[in-house]
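K.L.:
After the structure tokens below, expect a handful of questions from me.
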Amino acid sequence: MKLQEMTWEDFQSAETLVGLIPTGSTEQHGPHGPFATDLIIAEEMAANAAEETGALVLPSISVGISREHQDFEGSLYISPDTFRQQLREMILSASSSGIERFVVVNGHGGNISAIYEVCKSLYIEYTTIALEWTWFNAISARNMGHAGELETSLLMFLRPDLVKEPREPGAGTWGHKFHGTRVDYLTSSFTKNGIVGDPTKATKEKGEELFNRSTKKLKQLIRDLYSPDQDFLSEKTR
Ligand SMILES: [Zn+2]
């Protein structure tokens, strides 16, 4: 179910406990991937999980914390403050309508720390339960890169109409380290084509496997949020 497709009377009778908020970005994904790559992945995973668990999909945040891509034209970005405020106020307003628990289903690495901060402050201030969930961390994906093998495979599976045939690999790593600290702030300083990783290794089958593995985790999380005896914020589950 998607909130935006319901009427307020539908909402009243739905008794929805868990709300999902997809968050992504509108940023370059190499010469082969659409700007909405991260958003598409987050929205498709949220929709799939909602269908099987009865969770409600709330509106997405489609422009994220992506200033690192500013040198690639067409990339949009909002400040971390704006992002945090939008997410926080969306959750608080949904919470006042009776949705009790939230999972922020995220597809963009640059959003992670801001989402976590919002979730933490909502719990401390209001005991609202909201959780940051990012697909590639949920499955401990290796060599995540950017517009590389993993994201391109997911696009081939989810939206083959929007992804072009990858022609070349990108940078081997996300920036470089200098005496143990990461020093690159703009992607243009370490990748010419906007890619990190090797999208030429991507396949639709790999995308399907990544999608199924990620959504399985997400559905388990949502089901445990529905469970009345869940007590994951206490010592017992550590
Ligand atoms: Zn991405």
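K.L.:
Take Gly170 and tell me if it is in contact (Cβ under 8 Å) with a residue 40 or more places away in the chain and of a type in the set (Gly, Ala, Ser).
P.N.:
So Gly170 passes the test.
K.L.:
Just to be sure I understand, how many residues within the stretch 51-94 are assigned to a helix (DSSP H, G or I), touching a residue at least 60 places away in the same chain (Cβ under 8 Å) and either among the polar types (S, T, N, Q) or in contact with a strand residue (DSSP E or B) (Cβ under 6 Å, 6 or more places away or on another chain) (or both)?
P.N.:
Final tally of qualifying residues: 3.
K.L.:
Go over the candidates Asn111, Asn137, Asn143 one by one and state the one that is within 16 Å of the ligand (Cβ to nearest atom), free of Cβ contacts under 8 Å to residues at least 40 places away in the same chain and either in a helix (DSSP H, G or I) or surrounded by fewer than 15 Cβ atoms within 10 Å (Cβ to Cβ) (or both).
P.N.:
After ruling out the rest, the residue left standing is Asn137.
K.L.:
Do the conditions hold for Gly54, that is, is it away from the ligand (no atom under 16 Å from the Cβ) and either acidic (Asp, Glu) or surrounded by fewer than 19 Cβ atoms within 10 Å (Cβ to Cβ) (or both)?
P.N.:
Judged against the criteria, Gly54 is a match.
K.L.:
Quick one: would you say Glu100 is at pLDDT below 95 and over 16 Å from the mean Cα position of the chain (by Cα)?
P.N.:
yes
K.L.:
If you don't mind, there's one more thing I want to ask. Quick check on the stretch 147-171: of everything there that is within 15 Å of the ligand (Cβ to nearest atom) and farther than 18 Å from Phe136 by Cα, which residue is surrounded by the fewest Cβ atoms within 10 Å (Cβ to Cβ)?
P.N.:
So the residue we want is Leu162.
K.L.:
Kindly establish whether Ser75 is within 13 Å of the ligand (Cβ to nearest atom), hydroxyl-bearing (Ser, Thr, Tyr), over 14 Å from the mean Cα position of the chain (by Cα) and buried (at least 18 other Cβ atoms within 10 Å of the Cβ). Give the derivation first.
P.N.:
Numbers: within 13 Å of the ligand (Cβ to nearest atom): yes; hydroxyl-bearing (Ser, Thr, Tyr): yes; over 14 Å from the mean Cα position of the chain (by Cα): yes; buried (at least 18 other Cβ atoms within 10 Å of the Cβ): yes.
Yes: the conditions hold for Ser75.
K.L.:
Condition check: modelled with pLDDT of 95 or more and of a type in the set (Asp, Glu). Does Glu165 satisfy that?
P.N.:
On the way: modelled with pLDDT of 95 or more: yes; of a type in the set (Asp, Glu): yes.
So Glu165 fits the description; yes.
K.L.:
Let me ask another. Please verify whether Glu5 is out of contact with any helix residue (DSSP H, G or I) (no Cβ under 8 Å at 6 or more places or on another chain) and surrounded by fewer than 21 Cβ atoms within 10 Å (Cβ to Cβ), treating the condition exactly as stated. Break it down stepwise before answering.
P.N.:
Working: out of contact with any helix residue (DSSP H, G or I) (no Cβ under 8 Å at 6 or more places or on another chain): yes; surrounded by fewer than 21 Cβ atoms within 10 Å (Cβ to Cβ): yes.
Spelling it out, Glu5 is indeed out of contact with any helix residue (DSSP H, G or I) (no Cβ under 8 Å at 6 or more places or on another chain) and surrounded by fewer than 21 Cβ atoms within 10 Å (Cβ to Cβ).
K.L.:
Does any residue of the stretch 172-184 turn out to be in a helix (DSSP H, G or I) and surrounded by 13 or more Cβ atoms within 10 Å (Cβ to Cβ)?
P.N.:
no
K.L.:
Scan (1) away from the ligand (no atom under 16 Å from the Cβ); (2) closer than 24 Å to Met144 by Cβ; (3) over 14 Å from the mean Cα position of the chain (by Cα); (4) touching a residue at least 40 places away in the same chain (Cβ under 8 Å) for the single condition Val118 breaks and write down its number.
P.N.:
(4)
K.L.:
State which residue is nearest to the chain's Cα centre (by Cα) when the search covers only the stretch 8-50 and only residues that are within 19 Å of Phe157 (Cβ to Cβ) and assigned to a strand (DSSP E or B).
P.N.:
Quick first cut of the stretch 8-50, residues within 19 Å of Phe157 (Cβ to Cβ) only: 22, 24, 29-30, 32-50.
Next, from what is left, pick out any that are assigned to a strand (DSSP E or B): 22, 29, 33.
Numbers: Pro22: 6, His29: 15, Gly33: 16 Å.
Per the stated criteria, the residue is Pro22.
K.L.:
Let me ask something else about it. Six or more apart or on different chains, Cβ atoms under 8 Å: show the pairs whose first residue is in the stretch 182-194 and aromatic (Phe, Trp, Tyr) and whose second is assigned to a loop (DSSP other than H, G, I, E, B).
P.N.:
Close Cβ pairs satisfying both conditions: Phe190/Thr173; Phe190/Trp174; Phe190/Gly175; Phe190/His176; Phe190/Asp184.
The values are calculated or read from the model by the stated rules, or taken from the named source; none is laboratory data. What you see is a predicted model, and the numbers here were worked out from it, not measured in a lab. Every residue, glycine as well, gets a Cβ built from its backbone with ideal geometry; the counts of neighbours run over all protein chains shown.
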